[in-house]
Structure formats: C-alpha cells, structure tokens
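A.B. asks: One structure is given below, represented as structure tokens, and several questions about it will come after.
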Amino acid sequence: MNKRLTALLLTCVLSLSLLAGCGSTPAKPAAAPVKDLKVTYVKSPLNIPSIVDKNNQTLVKGFAKDNIKVTFPEINSGAKQTEALAAGSLDVCSALGGTSAILAAANGVDVKIVGIYSRAPKAFNIMVKNPAIKSVADLKGKTVAGPKGTILHQILVAALKKNNLDADAVKFLSLDIPASVNAMLSGNADAALVAGSDVLRAQKAGARILVNGEGLVDATIVIGVNGKMLKEHPEVIKKYLALHQENIDFMKKDQAKAYEFTAKETGLSVADVQTMAPWYDFTTAITDKDIKDLEETQDFLMANKMQQKKIDIKSIIASVKDAARKTSRS
C-alpha cells in the first residue's frame, strides 16, 4: 500500500514539474552588446557643451572604458537627424529641435526625448535692417525669410499672433539662416529669422533685432535617442547623459577655456562668445514648463498644417531610470 502511494506521489510531482516547464515563458535573448555609438555633432547656433566634448574627448574616453567606439556624424538638419535615427544609422540626436522630434514621432519614428539640450529664447530672433519697420505689426505685407517648420518659424507666427496678425499676413520665404540674413541685407527680404552667430553677423552689417523668443517660445532643443537603443541598452544612454553633464560642469568650472574652445570652433571672437553664452540654459532636466512648450510647438505645427497626426507629447518623453528599471524586471 505504502509503495503504491509513494509511486503515485512521485508520478504527480513529475507531472506537475513537466506542466510547469511547458507553461513557462522562454527567456528573451539578450540584446547584442553595443560596440559603436553614433552621436550627432551639432555646434550651431552656440552648442558649447558639444564643443567642449569635441575638445576634451569626454564621450570618446568615457565609452572607451566599456569598449564602445563613439563616432560623430555632422548632421545639422533636424529632419535628416531623425531620418538617420529611423534608418538605424544614428543612436543619439545630441541637439534636436523640438519641432523635428515631434514631427518624427508623429510620422512613426521611434524617437524618445531623454533630456533638454538647451533653452534659448534670446538666441532666436526676427531681425530687420529697414528703419521704417519699428514693430512686428509693421511686417504686415512684408517678406520674411527663414527656415520653415523650425523654432524660428514658430517665433514668427507667435509674434504675429500677439500683434493680431495671421501667419499669412507676411510673405514667407523659406531659406536657411545664412541665406535669410543675406536676403535681408541685400533687400530681397524685409526681415530675417536669425539665430546663433548669424545674429552678430547681421548686427555688424547694420541690422537690428526686432523681437526675440522671450515671452513667445522657449526655443527648446532636446536630446533625442533611438527608442530601441533606450529599451535594450538604458545603461548606455544613462552613461551618455552623465558624460554630457560632465561637459556642462566643465563649461561652468573653466568658463574661459570653454569659451576659447567655442571661439576657435565657430570662428567667433571670445568676446562674441561671452556676449552670446548667457542666452543659453543648458540644464538637462525636463520640467513641466518644457513639456508645455513642446505641446505648444505641436499646436503650431498642427495649425500650420505641417503635422497631420497629433500625438501625446508625454508619450515620447522617457526617463532613463524608468527604462533601466523595466529592463531589470524583464
């Protein structure tokens, strides 16, 4: 009797073990280790932390300890950055316009915002040379040159709205910033949308700032990453942000050296860099105000028919800490 009972119990235990084995979820294969990290290098309009990184080799040295090679494609266009991200030929958009990040996400690109690169409303300006144009209201019927679908374009629309004018109250000429300045200086445009060192170039040629982004748009530039990279290797993105912070800390501790690096890289004088640097806030933490600014950016894109599908802005903002926790639990 006891032998039969023992045999029956052993059979039950074996059966339960087999069932448990059949019901378990097979472990997911681990993601391949990162050997190369592709990070855009964008120095304009005045991206001091990136210039410091280039000179100090902060990212290169930091990731070398993990046997990861860092390369720096120079892609200034936000649209081309997100195209490269979608194609898998780019991992980190170090300085990406909020407009570009939103448009990419709305078009299905797996881009995640993990930090703010800069906020610089004073650095983005509407400039004029004609002394008869004294206010934004005087732009009615005039030609304004600038890059379409960018922070500068958003500032123009916001400034017009503040003066009870619609976007079509001006003739918009889509040109990049240097060409816009040239068009204004030559009289082919009445105003130009200008940022960075071109502001000083225009001023030296007799132009003046009509209005900047203060009180209109925060001019938020973000740090965007490949969503797949963040999901599979949150530790790499976390380290990237830590090394980026080292560049910001260096800029604060050795300002003279950081400004010297920037002057040499941009062709500006150190005095010019000293003039422009206070326009920028390089704090990386994403605040509620930043999210509101990005939501207003989306409103601008939708209203001007540059974006068709509305997205939840918070859905493209990612916490690297949260991503790391999710990975450890999976």
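A.B. asks: Would you check if there is a residue in the stretch 215-230 being surrounded by fewer than 22 Cβ atoms within 10 Å (Cβ to Cβ) and touching a helix residue (DSSP H, G or I) at 6+ places or on another chain (Cβ under 6 Å)?
C.D. replies: yes
A.B. asks: Also, I was wondering about something else. Which numbered condition in (1) under 22 Å from L85 (Cβ atoms); (2) of a type in the set (G, A, S); (3) more than 21 Å from the chain's Cα centre (by Cα) is the only one that A242 fails?
C.D. replies: (3)
A.B. asks: Same structure again: Show me the helices (runs of 4 or more DSSP H) entirely contained within the stretch 232-318 in which 3 or more residues are touching a Ser or Thr at 6+ places or on another chain (Cβ under 8 Å).
C.D. replies: Fully inside the stretch 232-318 and qualifying: 234-253, 270-276, 288-303.
A.B. asks: Related question: Go through the stretch 51-65 residue by residue and tally those that are acidic (D, E) and open to solvent by 50 Å² or more (accessible area, probe 1.4 Å). Walk me through how you get there before you give the answer.
C.D. replies: Going through the stretch 51-65, the residues acidic (D, E) turn out to be 53.
Pick out the ones that are also open to solvent by 50 Å² or more (accessible area, probe 1.4 Å) and you get none.
Total meeting the criteria: 0.
A.B. asks: Oh, and also: Mind listing whichever residues of the stretch 140-160 are more than 24 Å from the chain's Cα centre (by Cα) and under 15 Å from L210 (Cα atoms)?
C.D. replies: Selection gives K140, K142, T143, V144, L160.
A.B. asks: Take S197 and tell me if it is surrounded by fewer than 23 Cβ atoms within 10 Å (Cβ to Cβ) and at pLDDT below 95.
C.D. replies: yes
A.B. asks: Is it true that E295 is touching a residue at least 40 places away in the same chain (Cβ under 8 Å) and not β-branched (V, I, T)?
C.D. replies: no
A.B. asks: On to the next question. For the stretch 233-240, state whether one or more residues are under 19 Å from I48 (Cβ atoms) and modelled with pLDDT of 95 or more.
C.D. replies: yes
A.B. asks: Would you check which residues across the stretch 170-196 are over 21 Å from T99 (Cβ atoms) and either part of a helix (DSSP H, G or I) or touching a Cys at 6+ places or on another chain (Cβ under 9 Å) (or both) and list them?
C.D. replies: Initial filter on the stretch 170-196 (over 21 Å from T99 (Cβ atoms)): 171, 182-190.
Residues satisfying the conditions are N182, A183, M184, L185, S186.
A.B. asks: Still on this structure, I have one more. Counting just the residues of the stretch 66-82 that are in contact with a helix residue (DSSP H, G or I) (Cβ under 8 Å, 6 or more places away or on another chain), in a helix (DSSP H, G or I) and not polar (S, T, N, Q), which one comes out surrounded by the most Cβ atoms within 10 Å (Cβ to Cβ)?
C.D. replies: This residue is G78.
A.B. asks: I've got another one for you. Just wondering, is there one or more residues in the stretch 102-123 that are assigned to a strand (DSSP E or B), farther than 30 Å from K238 by Cα and of a type outside the set (A, V, I, L, M)? If you could, list the steps in order and put the result at the bottom.
C.D. replies: Step one: of the stretch 102-123, the residues assigned to a strand (DSSP E or B) are 111-119.
Within this subset, residues satisfying the condition of being farther than 30 Å from K238 by Cα are none.
No, the stretch 102-123 has no match at all.
A.B. asks: Right, M229: without any contact (Cβ under 8 Å) to a residue 60 or more places away in the chain, farther than 20 Å from K43 by Cβ and not in a loop (DSSP other than H, G, I, E, B) or not? Step through it out loud before you land on a result.
C.D. replies: Values: without any contact (Cβ under 8 Å) to a residue 60 or more places away in the chain: no; farther than 20 Å from K43 by Cβ: yes; not in a loop (DSSP other than H, G, I, E, B): yes.
No: the conditions fail for M229.
A.B. asks: Ok, one more. Filter the stretch 33-52 for residues that are within 15 Å of the chain's Cα centre (by Cα) and within 14 Å of E246 (Cα to Cα) and give the result.
C.D. replies: Result: I48, P49, S50.
A.B. asks: While we're on this one: Name every residue in the stretch 305-317 that is modelled with pLDDT under 95 and out of contact with any helix residue (DSSP H, G or I) (no Cβ under 6 Å at 6 or more places or on another chain), in order of residue number.
C.D. replies: K305, M306, Q308
A.B. asks: Quick one: would you say L139 is at pLDDT 95 or above, farther than 28 Å from G267 by Cα and crowded, with 17+ Cβ neighbours inside 10 Å?
C.D. replies: Working: at pLDDT 95 or above: yes; farther than 28 Å from G267 by Cα: yes; crowded, with 17+ Cβ neighbours inside 10 Å: yes.
The answer is yes for L139.
A.B. asks: Ok, one more. Please go through (1) part of a helix (DSSP H, G or I); (2) farther than 22 Å from I248 by Cα; (3) in contact (Cβ under 8 Å) with a residue 60 or more places away in the chain; (4) hydrophobic (A, V, I, L, M, F, W, C) for F63 and return the number of the only condition it doesn't satisfy.
C.D. replies: Among (1) part of a helix (DSSP H, G or I); (2) farther than 22 Å from I248 by Cα; (3) in contact (Cβ under 8 Å) with a residue 60 or more places away in the chain; (4) hydrophobic (A, V, I, L, M, F, W, C), F63 violates only (2).
A.B. asks: What are the residues in the stretch 124-140 that are of a type outside the set (V, I, T) and not in a strand (DSSP E or B), if any?
C.D. replies: Correct list: K129, N130, P131, A132, K134, S135, A137, D138, L139, K140.
A.B. asks: Filter the stretch 83-94 down to the residues that are outside any loop (DSSP other than H, G, I, E, B) and open to solvent by 10 Å² or more (accessible area, probe 1.4 Å) and list them by number. Walk me through how you get there before you give the answer.
C.D. replies: Here is the first cut: in the stretch 83-94, the residues outside any loop (DSSP other than H, G, I, E, B) are 83-87, 92-94.
Answer for the stretch 83-94, where residues must be outside any loop (DSSP other than H, G, I, E, B) and open to solvent by 10 Å² or more (accessible area, probe 1.4 Å): E83, A84, A86, A87.
A.B. asks: Oh, and also: Which numbered condition trips up D218, out of (1) under 25 Å from Q274 (Cα atoms); (2) assigned to a helix (DSSP H, G or I); (3) charged (D, E, K, R)?
C.D. replies: For D218, the exception is condition (2).
The values are calculated or read from the model by the stated rules, or taken from the named source; none is laboratory data. Note that the structure is predicted; figures quoted are calculated from it, not measured. Counting neighbours? That spans all protein chains shown, and the Cβs are built from the backbone with ideal geometry, glycine included. Surface accessibility is based on the protein's heavy atoms, side chains included, excluding ligands, DNA and RNA. Shrake-Rupley method; radii C 1.70, N 1.55, O 1.52, S 1.80 Å.
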